[in-house]
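Contents: one structure, followed by commentary.
The values are calculated or read from the model by the stated rules, or taken from the named source; none is laboratory data. Because the structure is predicted, anything quoted here is derived from the model rather than measured. No Cβ is skipped: glycine too gets one built from the backbone with ideal geometry, and neighbour counts run over all protein chains shown. Surface accessibility is based on the protein's heavy atoms, side chains included, excluding ligands, DNA and RNA. Shrake-Rupley method; radii C 1.70, N 1.55, O 1.52, S 1.80 Å.
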Amino acid sequence: MDGTKGHGLRNVASHCSISDMDDYDISKLLEKPRLNIERQRSFDERSLSELTISLARGLDSYEPSYSPGARSGRSGFDTPASSARNSFEPHPMVADAWEALRRSLVYFRGQPVGTLAACDHASEEVLNYDQVFVRDFVPSALAFLINGEADIVKNFLLKTLLLQGWEKRVDRFKLGEGAMPASFKVLHDPDRKTDTIVADFGESAIGRVAPVDSGFWWIILLRAYTKATGDLSLAETPDCQKGMRLILALCLSEGFDTFPTLLCADGCSMIDRRMGIYGYPIEIQALFFMALRCALSMLKHDQEGKEFVERIMKRLHALSYHMRNYFWLDFQQLNDIYRYKTEEYSHTAVNKFNVIPDSIPDWVFDFMPTRGGYFIGNVSPARMDFRWFALGNCIAILSSLATPEQSAAIMDLIEARWEELVGEMPLKICYPAIESHEWRIVTGCDPKNTRWSYHNGGSWPVLLWLLTAASIKTGRPQIARRAIDLAETRLLKDTWPEYYDGKLGRFIGKQARKYQTWSVAGYLVAKMMLEDPSHLGMISLEEDRQMKHVIRRSHSWTV
Ligand code: GLC
């Protein structure tokens, strides 16, 4: 079955123009908590003006964010448009990265539909790295979109949409209709000259957990495609509208919840093994928020869409309030929790989740700078997971789940704790690692997730693109520049590892794949975005209309 065929893409009159895409002004809905952040007013003027120009040019104008010339007359294997446009010599790594990225392309009946997770031919164990992972494809997709190669992204979106339509079972249990696969694999039969696809919805994954993040990434990518190309017709097809509604139906369904956050099993996202992130992990909550906002900008206000638009608005309102208040931690908040009384009953309770101050881990008192803050890993009854997670915090910035003050504070913290969070290779997936007895209990003695390795405090080059995007959005490109410089000292030489180990991220990960595609693509996206920050618009949502022309000055390094 070739998914791209059944979708007669109509060029219908759009229900909203591209300039309206993000114009659902939810800012009025979102209440801002009071923050105790004292800000200093110093900034690198040079980079501010650079950024202002780029922002004025692209971010707010809703123009397609690449130059149309990038596409003309190019085959898929030409010089990347981005480096061709450079006025300066591109870093030698860029060409190698493009080559590696193209080598990872997966074809279905002659059409590129995604990229392999890794092309590590030296590794004997392939496991499932020879598949196209939905989450792993996101940085590849952004790189292709920036480079004016939107077709592969469209093919991927349509192919995964078809997979969503499959009946999904684990043993005798049928999964929700909206579930998107974690990954899929194309099987080529050279004799019969046929291609078939097998997908994994969690039933083959280690731990049998469904990827909650896949559906969110799908929606986010659909918006990125729409923003980058200006092609509204894909998102408007009945199939895409239905795909979105099915994902939304899964995550907006009513249950026994008292929180607007989404209850999840351990391992349901990028961290796809037991790591104590069950409950309400920040990664999922931030992606949930972003996907809701993206869906809001693309859903039609027809009979079926309207109901979802209303539910999304209500959920965004409640979710942002909850996250901004209860997940946020800064010096002041930590001090308040430290002094919490417990066993408070009734609506006047200050310590709403009955967190016992003795459960605050020692490390957090040293880790918390006087200025700066972050969204903690998880909040549920009597449990706050104080660990810092990179993806959730960056997505909170990009989606404007974080207020501008909180966004700046997250970047302040990254600067203040550079050694811990960036060290020698950007960026720690989470901080700190769990060790000894706690590691035994939390991970179930997972030998891959030993302290400072892999998901347990390992450093993941793919996160570079998220750090870069967040740095640009907060007006602090110097942070990205410094991180990219670090990555450039090692990534190519080490042949693009999946992750690094150790407190500082100095060692290539114990079981890290080489030529890990999202390490390659993450670097390219970071590099191209910093080069031309107007690309940020495809993966970022502004807080509200009024904010559009305001760039906050903030304290940062000067380079
Ligand atoms: C590992 C990672 C997961 C990634 C996959 C493919 O399982 O934990 O996040 O999607 O590899 O690269």
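Could you please let me know if SER320 is in a helix (DSSP H, G or I) and out of contact with any Gly (no Cβ under 8 Å at 6 or more places or on another chain)? For SER320, the condition - in a helix (DSSP H, G or I) and out of contact with any Gly (no Cβ under 8 Å at 6 or more places or on another chain) - is met. Within the stretch 112-141, the set of residues being at pLDDT 95 or above and away from the ligand (no atom under 16 Å from the Cβ) comprises PRO112, VAL113.
A search for C-beta distances below 8 Å between a residue of the stretch 213-234 that is under 23 Å from ASP532 (Cα atoms) and among the β-branched types (Val, Ile, Thr) and any residue that is modelled with pLDDT under 95 and not in a helix (DSSP H, G or I), counting only pairs 6+ apart in sequence or on different chains, returns THR226/MET21; THR229/PRO64. Of all the numbered requirements in (1) in contact with a Ser or Thr (Cβ under 7 Å, 6 or more places away or on another chain); (2) in a loop (DSSP other than H, G, I, E, B), ASP213 misses one, and that requirement is (2). Residues in the stretch 205-216 that are open to solvent by 10 Å² or more (accessible area, probe 1.4 Å) and either closer than 15 Å to ARG293 by Cβ or more than 20 Å from the chain's Cα centre (by Cα) (or both): 4 in all.
Within the option set ALA249, ALA295, ALA286, being out of contact with any Pro (no Cβ under 8 Å at 6 or more places or on another chain), in a helix (DSSP H, G or I), more than 16 Å from the ligand (Cβ to nearest atom) and open to solvent by less than 10 Å² (accessible area, probe 1.4 Å) holds for one residue only, ALA295. Listed conditions (1) more than 21 Å from PRO281 (Cβ to Cβ); (2) surrounded by 18 or more Cβ atoms within 10 Å (Cβ to Cβ) are all met by ASN335, apart from (2). Filtered by the rule that a residue be within 16 Å of the ligand (Cβ to nearest atom) and either assigned to a loop (DSSP other than H, G, I, E, B) or of a type in the set (S, T, N, Q) (or both), the stretch 501-528 gives GLY509, LYS510, GLN511, ALA512, ARG513, LYS514, TYR515, GLN516, THR517, SER519.
Conditions (1) within 16 Å of the ligand (Cβ to nearest atom); (2) without any contact (Cβ under 8 Å) to a residue 40 or more places away in the chain; (3) outside any helix (DSSP H, G or I), marked per residue:
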| site | (1), (2), (3) |
| --- | --- |
| ILE434 | no, no, yes |
| LYS448 | yes, no, yes |
| VAL462 | yes, no, no |
| ALA469 | no, no, no |
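Within the stretch 478-498, residues that are closer than 17 Å to PRO90 by Cβ and open to solvent by 30 Å² or more (accessible area, probe 1.4 Å) reach partners that are part of a helix (DSSP H, G or I) and of a type outside the set (Asp, Glu) with beta carbons closer than 7 Å, at six or more positions or on different chains, in the pairs ARG481/LEU530; GLU488/MET93; LEU492/MET93. Of all the listed residues (GLY207, GLY202), the sole one being within 16 Å of the ligand (Cβ to nearest atom), farther than 21 Å from LYS242 by Cβ, free of Cβ contacts under 8 Å to residues at least 40 places away in the same chain and of a type outside the set (Asp, Glu) is GLY202. The single residue among GLY207, GLY178, GLY243 that is small (Gly, Ala, Ser) and part of a helix (DSSP H, G or I) turns out to be GLY243.
Quick check, is ARG315 under 28 Å from GLU415 (Cβ atoms) and among the basic types (Lys, Arg)?
No.
In the stretch 310-317, is there at least one residue being over 16 Å from the mean Cα position of the chain (by Cα), within 16 Å of ASN378 (Cα to Cα), acidic (Asp, Glu) and not in a loop (DSSP other than H, G, I, E, B)? For the stretch 310-317, residues over 16 Å from the mean Cα position of the chain (by Cα), within 16 Å of ASN378 (Cα to Cα), acidic (Asp, Glu) and not in a loop (DSSP other than H, G, I, E, B): absent.
Annotation: of all residues in the stretch 104-117 being touching a residue at least 60 places away in the same chain (Cβ under 8 Å) and open to solvent by 10 Å² or more (accessible area, probe 1.4 Å), the one that is nearest to the chain's Cα centre (by Cα) is LEU116. The set of residues in the stretch 261-276 that are more than 12 Å from the ligand (Cβ to nearest atom), open to solvent by less than 40 Å² (accessible area, probe 1.4 Å) and assigned to a loop (DSSP other than H, G, I, E, B) comprises THR261, LEU262, ASP266, GLY276. In the condition set (1) under 19 Å from the mean Cα position of the chain (by Cα); (2) within 12 Å of the ligand (Cβ to nearest atom); (3) open to solvent by 10 Å² or more (accessible area, probe 1.4 Å), THR474 is compliant with all but (2). Kindly indicate whether any position in the stretch 368-375 is open to solvent by 90 Å² or more (accessible area, probe 1.4 Å), farther than 27 Å from MET270 by Cα, within 28 Å of the chain's Cα centre (by Cα) and not small (Gly, Ala, Ser). The answer is yes; a qualifying residue exists. Across the stretch 439-452, not a single residue is classified as of a type outside the set (S, T, N, Q), surrounded by fewer than 24 Cβ atoms within 10 Å (Cβ to Cβ) and touching a helix residue (DSSP H, G or I) at 6+ places or on another chain (Cβ under 6 Å). Residues in the stretch 342-383 that are acidic (Asp, Glu) and modelled with pLDDT under 95: GLU343, GLU344.
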